[in-house]
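This report refers to the structure that appears directly beneath it.
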Amino acid sequence: MPAAVEFRSVSRHFGAVKAVDSVDLTIAEGSFFAMLGPSGSGKTTCLRLISGFESPTAGEIRIFGEDSGAVPPNRRNVNTVFQDYALFPHMNVRDNVAYGLMVKGVGRAARHAKAEELLALVHLDGFGDRKPAQLSGGQRQRVALARALVNEPKVLLLDEPLGALDLKLREAMQDELKSLQQRLGITFVFVTHDQGEALSMADRVAVFAEGRVAQVGTPGEIYEQPANRFVADFVGSSNVLPPEQTQRFGGPARWASLRPEAIRLERGQGGTVRGRVTGLRYLGAATRVTLDCGGHELAAQIPAGIAVPAVGEEVGLGWQVQSLHLMEKA
Amino acid sequence: MMPAASQPAPAPGIAERLTALFWRRPGLLLALLLAPPLLWLGIVYVGSLIALLWQSFYSIDPFSGVVVREFTLKTYGELLLPQNYDIILRTVTMAAAVTLASAVLAFPIAFYAARFAKGRWKAVFYLGVMLPLWSSYLVKVYAWKLILAKEGIVTWAANGIGAGSVLDAILSIPVIGGNSLSTSFIGTFIVFVYVWLPYMILPMQASLERVPKSMLEASADLGAGGLRTLWSVTLPLALPGIIAGSIFTFSLTLGDYIIPQIIGNSANFIGMAVYSLQGTAGNIPLAAAFAVIPILIMLVYLAIARRLGAFDAL
């Protein structure tokens, strides 16, 4: 079975800027795939390469096994939920959702029936007559989702779809998107800069850095076994240890990562390594402690309920041996 | 030592007192700012419009030529006389044709400027559109008279490429044709379109620029081709600009009295009628009644535009 989307050493250069640089990716059919990275890392350009709004300068993109090089966006069986939703302000919600069917020449009654069906799917029954301007951000998001699903795409692309929503709504929409994807069984490709979002929703995550894919894997692999310094630091802000530090911390002379929440702080004289507290940041469910360990800065995370040392205090640091994850590359 | 607080505060200056007053009474500042323009608009502008309306309800004594200061609808009745009705019909037809042609010509230019022109080309666009507005209107019209004259460059060029017979065929069309381009309605039309085109391009370009790119992409993403996107997304979203531009071209053509006087076959337009009626003929009431016609037409036009939803996106 061919993959839903396949990148074969795809590059997209804008003059001297290498927005996407020889990327290889395979997105399996029916999966929930996240492209994660900081802004300017090439993840959105990759999404636009799939939708056809950008063309690769090198390499090829296969959608269900077919080279999409010469296929314009309006002929691809791929639909997009845009970051700003891009709802048509002069049409009501029903006509917005039915737009894809109108373009295909489906009759008014049939397309309106289908639009209502999709509005029910995203829990917006009865909103058909409203204009987009009369909806809240979360409702617009749902309309954009329904509109993108009306043509029954095999792949749905979502460009930072939750970025404009407030935290509570964002969490609700995360659950809803996930269950929607499972019910429809189609491939979702999702661009985000929010690592929590990517880890909690996706089956597989590709971490982008400077136009390249830094690592592809399940959320667990990405989080627990970062392949390199960038992934370790970007996903969950892990402590990155250069080889000499790893040795000092009881490992081989290799690059390693150590999760802040894996570090235990001990008052008194114990601990594998000693450190001095330089800063505290209260996060609610936990407190983030920055420590100076002989010139090397480390972060530890203490869950709420456990006593927090004071700034300037000397403490011992301890961790389970398996928490020290060795990385392939720097 | 005395505490500092007990020292008498220096008397506040007039500027400070004014600032405090305006801060306590924000309405006062607003009123002061708005009074001059409101007086201007209210008395000089609306006042003279009302005076004009008023005059149109007077009539002229046909024997003595003296204005009879009595309320009557007789003058409006005169507008329906064939010779006057023709003028109105001719002017409105010309204004509609000029507006339509301006819109068709302006759209590609405005679309290019809004979607594709960047940096230097954008500057070239603005310069190209605005430049004609910087030179005298009369000079431009007379220049066009020479260009369109029988001995002018258009006839010369048409003959040079062997298209002289085509030009003759166009000029032999009844009503809009004539002896030469500069003495036909076609010539009047061409010059009107030239002179008012910038007023169509600029608002159109502004409204096209406001259409987000993602909306055009969303349309393509949902399967629409270029024409479908143009028709269903771009044009409806650019409609306020198109209507704004058409208000300019339509009303400017309705009121103009110089172009049809210099270029064309001397047939009367509303503006020319007003000009001669209030001048040599001394028939102020009929001139006023004529002047009310464009106002009424524009009001109807705006009402239709509003009904079409042209101002929904404002």
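The values are calculated or read from the model by the stated rules, or taken from the named source; none is laboratory data. Keep in mind that what you see is a predicted model, and the values were worked out from it rather than measured. Neighbour counts are summed over all protein chains in view; Cβ atoms, including those assigned to glycine, are modelled from backbone coordinates with ideal geometry. These accessible areas exclude ligands, DNA and RNA; they are computed on the full protein's heavy atoms, side chains included. Shrake-Rupley method; radii C 1.70, N 1.55, O 1.52, S 1.80 Å.
Quick notes on this structure:
- Here A:Ala148 passes the criteria (1) assigned to a helix (DSSP H, G or I); (2) touching a helix residue (DSSP H, G or I) at 6+ places or on another chain (Cβ under 8 Å); (3) more than 8 Å from chain B (Cβ to nearest Cβ); (4) closer than 22 Å to A:Arg183 by Cβ except the one numbered (3).
- Scanning the stretch A:27-44 for residues that are more than 14 Å from chain B (Cβ to nearest Cβ) and among the hydroxyl-bearing types (Ser, Thr, Tyr) yields A:Ser31, A:Ser39, A:Ser41.
- The requirement of being among the polar types (S, T, N, Q) and facing another protein chain (nearest Cβ under 8 Å) is not satisfied by A:Thr57.
- A residue that is open to solvent by 40 Å² or more (accessible area, probe 1.4 Å), touching a residue at least 60 places away in the same chain (Cβ under 8 Å) and farther than 26 Å from B:Phe250 by Cα can be found somewhere in the stretch B:66-86.
- Which listed residue is of a type in the set (Ser, Thr, Tyr) and in contact with a Leu (Cβ under 7 Å, 6 or more places away or on another chain), from A:Thr192, A:Thr218: A:Thr192
- Condition check for B:Val104: within 23 Å of B:Leu235 (Cβ to Cβ), within 17 Å of the chain's Cα centre (by Cα), in a helix (DSSP H, G or I) and in contact (Cβ under 8 Å) with a residue 12 or more places away in the chain: no
- Restricting attention to the stretch B:246-304, the residues that are in contact (Cβ under 8 Å) with a residue 40 or more places away in the chain, among the small types (Gly, Ala, Ser), surrounded by fewer than 21 Cβ atoms within 10 Å (Cβ to Cβ) and more than 18 Å from B:Tyr194 (Cα to Cα) total 2.
- Residue ID - nearest to the other protein chains (Cβ to nearest Cβ), chosen from residues in the stretch B:214-230 that are under 10 Å from A:Phe88 (Cα atoms) and open to solvent by less than 10 Å² (accessible area, probe 1.4 Å): B:Ala218
- All of (1) aliphatic (A, V, I, L, M); (2) under 21 Å from the mean Cα position of the chain (by Cα); (3) closer than 30 Å to A:Arg183 by Cα hold for A:Val71 with one exception: (2).
- When A:Gly163 is tested against the conditions (1) away from chain B (no Cβ under 14 Å); (2) in contact with a helix residue (DSSP H, G or I) (Cβ under 9 Å, 6 or more places away or on another chain); (3) open to solvent by 10 Å² or more (accessible area, probe 1.4 Å), the lone failure is (1).
- Subset of the stretch A:60-74 (residues that are open to solvent by 30 Å² or more (accessible area, probe 1.4 Å) and more than 8 Å from every other protein chain (Cβ to nearest Cβ)): A:Glu60, A:Arg62, A:Phe64, A:Gly65, A:Glu66, A:Asp67, A:Gly69, A:Ala70, A:Val71
- Qualifying residue in the stretch A:81-92 (condition: away from every other protein chain (no Cβ under 11 Å) and open to solvent by less than 50 Å² (accessible area, probe 1.4 Å)): yes
This table checks each residue for (1) within 30 Å of the chain's Cα centre (by Cα); (2) surrounded by 20 or more Cβ atoms within 10 Å (Cβ to Cβ).
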site	(1), (2)
A:Asn96	yes, yes
A:Val103	no, yes
A:Val106	no, no
A:Ala110	no, no
A:Ala113	no, no
A:Leu118	yes, yes
A:Val122	yes, yes
A:Pro132	yes, no
A:Gly137	yes, no
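- The listed residue being in a helix (DSSP H, G or I) and either within 14 Å of chain A (Cβ to nearest Cβ) or within 28 Å of A:Asn92 (Cβ to Cβ) (or both), out of B:Val274, B:Val292, B:Val233, B:Val211: B:Val233
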